[in-house]
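The values are calculated or read from the model by the stated rules, or taken from the named source; none is laboratory data. Just so it is clear, the structure is predicted and the values come from calculations on it, not from any experiment. Methodologically, a virtual Cβ is constructed for each residue, glycine included, from the backbone with ideal geometry; neighbour enumeration extends over all protein chains shown. These accessible areas exclude ligands, DNA and RNA; they are computed on the full protein's heavy atoms, side chains included. Shrake-Rupley method; radii C 1.70, N 1.55, O 1.52, S 1.80 Å.
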Amino acid sequence: MAYIKLLKRRRDSVRTVRKSEYQVIYQDKRWKRIVAAKKRANPLCERCESLYKVTPMSQVHHKKPFDTGVTPEEIESLAFDYDNTESLCEKCHEIRHKEL
C-alpha cells in the first residue's frame, strides 16, 4: 500500500509556538495579580456598562494586543500594563476578538 507523506503547514507550527509563548505570560504571577485587581476594581463588563447594561465580567482583555510589541521589552510592557486591560463578559470578549 502506498503512503502519502503530508507536509506540515508552516503556519500551524508558528501559531503553536506563539500560543505556547503567550501561555507563559498568562501563567505569570504579574498577570494573575492584574486579573485579581481588575476583578476587584471593575467587576462588571466595561462594554456592557457603556450600553447601560449590567453584566458581570468574566475575562480580562488587553486593549492593545501585547503581540504588537516588537521587542521583548515592549511585549512585556504591553502584557503587564494594568491600563492596557479591560473587564469584559464572555460575549463582549468574543466580539472584541472578532473586531481585531
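Here are the numbers:
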read-out: Residues satisfying the stated conditions in the range 63-74, i.e. free of Cβ contacts under 8 Å to residues at least 24 places away in the same chain and either part of a loop (DSSP other than H, G, I, E, B) or within 20 Å of residue 19 (Cβ to Cβ) (or both); value: 63, 64, 68, 69, 70, 71, 72, 74
read-out: Those residues of the range 75-94 which are under 15 Å from residue 25 (Cα atoms) and outside any loop (DSSP other than H, G, I, E, B), in sequence order; value: 75, 76, 77, 78, 79, 82, 84, 85
read-out: Pair list, Cβ under 7 Å, 6 or more apart: the range 75-100 residue charged (D, E, K, R), other residue surrounded by fewer than 16 Cβ atoms within 10 Å (Cβ to Cβ); value: 86/63; 90/58
read-out: Restricting the range 62-81 to residues that are in contact with a helix residue (DSSP H, G or I) (Cβ under 6 Å, 6 or more places away or on another chain) and open to solvent by less than 80 Å² (accessible area, probe 1.4 Å), the residue that is modelled with the lowest pLDDT; value: 69
read-out: Test result for residue 32, modelled with pLDDT of 95 or more, open to solvent by 80 Å² or more (accessible area, probe 1.4 Å) and either farther than 22 Å from residue 99 by Cβ or out of contact with any strand residue (DSSP E or B) (no Cβ under 6 Å at 6 or more places or on another chain) (or both); value: yes
